[in-house]
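Enquirer: Below you will find the structure I want to go over with you.
The values are calculated or read from the model by the stated rules, or taken from the named source; none is laboratory data. On a predicted model such as this, the values are computed, not experimentally measured, just so you know. Cβ coordinates were reconstructed from backbone atoms using ideal geometry, including for glycine residues, and neighbour counts include every protein chain displayed. For the accessible areas, the whole protein counts, side chains as well, though only heavy atoms, and no ligand, DNA or RNA atoms are used. Shrake-Rupley method; radii C 1.70, N 1.55, O 1.52, S 1.80 Å.
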Amino acid sequence: MLKVRHAQRSLSARAWLALAATAALLGAAQAQQSPPPSKLPLPKADPPAKRIITQGLGKTVTEDLIPCANPKPGMNLRKNPVGEITAMDGTKLTVPVANNFATAPKLPDLYNECAGVTPKDMSEVDLNKVPIVELDKDGEVITGFMVADNYFELYINGQLIGVDATPYTPFNSHVVRLRVKRPYTIAVLAQDWEDKLGLGMEVFQGNTWHSGDGGFVAKFSDGTVTDSTWKAQSFYISPLQHPDDVVEYGNVHDTSHLGGRIHPLARLPTCREYCFAVHYPIPDGWMNPNFDDSKWPRAFEYLDQEVGIVGVPGYWRYPEAFAGSRWIWTISLVFDNTVLLRKTVR
């Protein structure tokens, strides 16, 4: 019995020594590691972001850019207002966006209720009647179909090809034909229009202070489609309870923490006419092929249901025209109002 107890005590001592040695090794390893950060550092934007902050409503300058030529009962008809707002630093800004609508050619219609162009399907669309824009005499002819929620301007290789014929609603779609050779650069100014100028708000289901949301989709006959390979950067973000609701990490202007990236997940601000907006200067030459968009975020893809475009005839009637393409925007459909999109086709 004494021998057994002695042996047990010897085993117990050896076990404690082994445990102590293991603990010492672990402690030494941990001492060589840096302690985990209490808060992850956010990478800085390059170049540093320059914020222009506004608060409240802008002043209406133009009440309606283009009244609907053929209004009918039941149409989702809204005016197309443009205004001006002065930022806290004195900068004067056009809201919702400085645009070329008044002077640029309007893109050919695929579907446009106000123009009376409403083909029932693609069998009624005669592409031979769409004029070809000549960019390269030795290029191939490419046909593109496009829809924006709500407005867009199309540039190819830095040249303004045309603009959306209906800035706000009813929702419309366009077709374009180009003679161009690869590589070529597509650049799009996309804008979610607004009823409350300077605040990114629109009337929705009786709520006159509801946040709007955007989206852009396109398909070209050479196989180019809108998807996450495009670049997308935001330049006007609103409505915000506070400017610090925009968190900049890298070159992303993030508001996804405000409940989510889409309706109805995104939090509706309660500030109304006291809401803020964050604007960023649009860089010169952003539409040109040699513009460096390498630091811009990649576009985010969205479903038809997330954009809220299900059943809209300007898009829904022509599934073959948009097959394989995705709705794209930045990190937030709701808060990002002015978005620049780019894609170089090689």
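Enquirer: Given 10 °C and 1.306 mPa s, compute D for the chain with the Stokes-Einstein relation, Rh being the Kirkwood radius over Cα pairs; round to the nearest whole µm²/s.
Expert: Estimated via Stokes-Einstein, D reaches 70 µm²/s.
Enquirer: A follow-up question, please. Can you give the percent of C-alpha pairs in the range 91-173 whose distance is more than 20 Å?
Expert: Value for the range 91-173 (Cα pairs over 20 Å): 41 percent.
Enquirer: Turning to a different aspect of this structure: If you take every DSSP beta bridge whose two residues both sit in the chain, what share of them, in percent to the nearest 5, is antiparallel?
Expert: Antiparallel bridges: around 95 percent, rounded to the nearest 5.
Enquirer: Ratio to report: Rg/Rh of the range 250-346, with Cα atoms as the point set and Rh obtained by the Kirkwood method; give two decimals. Don't skip to the answer; put the middle values down first.
Expert: Numbers: Rg = 16.0 Å, Rh = 15.9 Å.
Looking at the range 250-346, the ratio lands at 1.00.
Enquirer: Let me ask something else about it. What ranking of 292, 149 comes out by heavy-atom accessible area, probe 1.4 Å, highest first? Kindly include the intermediate steps, with their values, before the conclusion.
Expert: Numbers: 292 100, 149 10 Å².
Listed by decreasing accessible area, they come as 292, 149.
Enquirer: In nanometres, what is the gap between the two model label sites at residue 207 and residue 323, each 7 Å from Cα along Cα-to-Cβ?
Expert: That separation, rounded to one decimal, is 3.8 nm.
Enquirer: Express the accessible area of the range 116-235 per residue in Å², computed with a 1.4 Å probe while the remaining protein chains stay in the model.
Expert: Accessible surface, normalised per residue, equals 32 Å².
Enquirer: Using the charge dipole of the chain (Lys, Arg: +1 at Cβ; Asp, Glu: -1 at Cβ; taken about the Cα centre), state which of 330, 61, 91 has its Cα farthest towards the positive end.
Expert: 330
Enquirer: For residue 271 and residue 42 in one chain, what is 0.36 nm times their gap in residues minus the Cα-Cα distance, to one decimal in nm?
Expert: 79.7 nm is the gain from fully extending residue 271 to residue 42.
Enquirer: Quick check: the distance between the Cα centres of the range 218-277 and the range 132-171, to the nearest angstrom?
Expert: If we compute the Cα centre of each part, the gap is 23 Å.
Enquirer: How much length is gained if the chain between residue 159 and residue 63 is pulled fully straight, taking 0.36 nm per residue apart and subtracting their Cα-Cα distance, in nm to one decimal?
Expert: Value of the extension gain: 31.7 nm.
Enquirer: Using R₀ = 35 Å, calculate the FRET efficiency as 1/(1 + (r/R₀)^6) where r is the Cβ-Cβ separation of residue 128 and residue 91; round to 0.05.
Expert: About 0.15, to the nearest 0.05.
Enquirer: Can you compute the modelled spin-label distance between residue 121 and residue 294, with each label point 7 Å from Cα toward Cβ, in nm?
Expert: Computed distance between label sites residue 121 and residue 294 equals 4.8 nm.
Enquirer: Please report, in cubic angstrom per residue, the volume enclosed by the convex hull of the alpha-carbon atoms of the range 132-203. List each step's numbers first, then the result.
Expert: Working: hull volume 6.0 nm³, N = 72.
Value for the range 132-203: 84 Å³ per residue.
Enquirer: How much length is gained if the chain between residue 53 and residue 221 is pulled fully straight, taking 0.36 nm per residue apart and subtracting their Cα-Cα distance, in nm to one decimal?
Expert: Result: 56.4 nm gained on full extension.
Enquirer: In what order, largest first, do 77, 127 sit by accessible area if the probe radius is 1.4 Å?
Expert: From most exposed to least exposed: 77, 127.
Enquirer: How large, in Å, is the range 157-274 by the Kirkwood hydrodynamic radius built from its alpha-carbon pairs?
Expert: 16.9 Å
Enquirer: Quick check: with the 1.4 Å probe, what order do 272, 346 take by accessible area, largest first? List each step's numbers first, then the result.
Expert: Values: 272 120, 346 195 Å².
Greatest to least solvent exposure: 346, 272.
Enquirer: Right, next: Within the set of other residues whose C-beta is less than 12 Å from the C-beta of residue 301, count the net charge using Lys and Arg as +1 and Asp and Glu as -1. Mind showing how you got there, number by number?
Expert: Numbers: positive: 261, 298, 326; negative: 227, 304, 306.
Cβ neighbours under 12 Å give a net charge of 0.
Enquirer: Using only DSSP helix segments of four residues or longer, with each worth -39500 (n - 2.57), what per-residue ellipticity at 222 nm results for the chain after dividing by its residue count and rounding to 500?
Expert: -3500 deg cm²/dmol
Enquirer: How long are the three semi-axes of the equivalent ellipsoid for the range 200-239, computed from the Cα gyration tensor as the root of 5 times each eigenvalue, in whole Å, largest first?
Expert: Value: 30, 14, 6 Å, ordered largest first.
Enquirer: Okay, moving on. As I understand it, the value is the acute angle between the Cα axis of helix 2-32 and the longest principal axis of the Cα atoms of the chain; what does it come to in degrees, rounded to 10?
Expert: Approximately 40 degrees, to the nearest 10.
Enquirer: Using a Gaussian network for the chain with springs between C-alpha atoms less than 10 Å apart, which of these wobbles most: 134, 194, 153?
Expert: Comparing 134, 194, 153 in the GNM, the peak value goes to 134.
Enquirer: With label points built 7 Å along Cα→Cβ from the Cα atoms of residue 284 and residue 138, find their separation and express it in nm.
Expert: For the pair residue 284/residue 138, the computed spacing is 3.3 nm.
Enquirer: Please check: in the Gaussian network model of the chain (C-alpha springs, under 10 Å), which one of 314, 214, 158 has the largest mean-square fluctuation.
Expert: 158
Enquirer: Hey, in the GNM for the chain with a 10 angstrom Cα cutoff, which one of 152, 101, 216 fluctuates hardest?
Expert: In this elastic network of the chain, the residue with the biggest mean-square fluctuation among 152, 101, 216 is 101.
Enquirer: Additional query: Leaving out ligands, DNA and RNA but keeping every protein chain, what accessible area does residue 130 have, in Å² rounded to the nearest 10, with a 1.4 Å probe?
Expert: Estimated to the nearest 10 Å², residue 130 gives 20 Å².
Enquirer: Return the carbon/sulfur percentage of the accessible area of the range 193-346, one whole number, probe 1.4 Å, all protein chains in place.
Expert: Of the solvent-accessible surface of the range 193-346, carbon and sulfur hold 51 percent.
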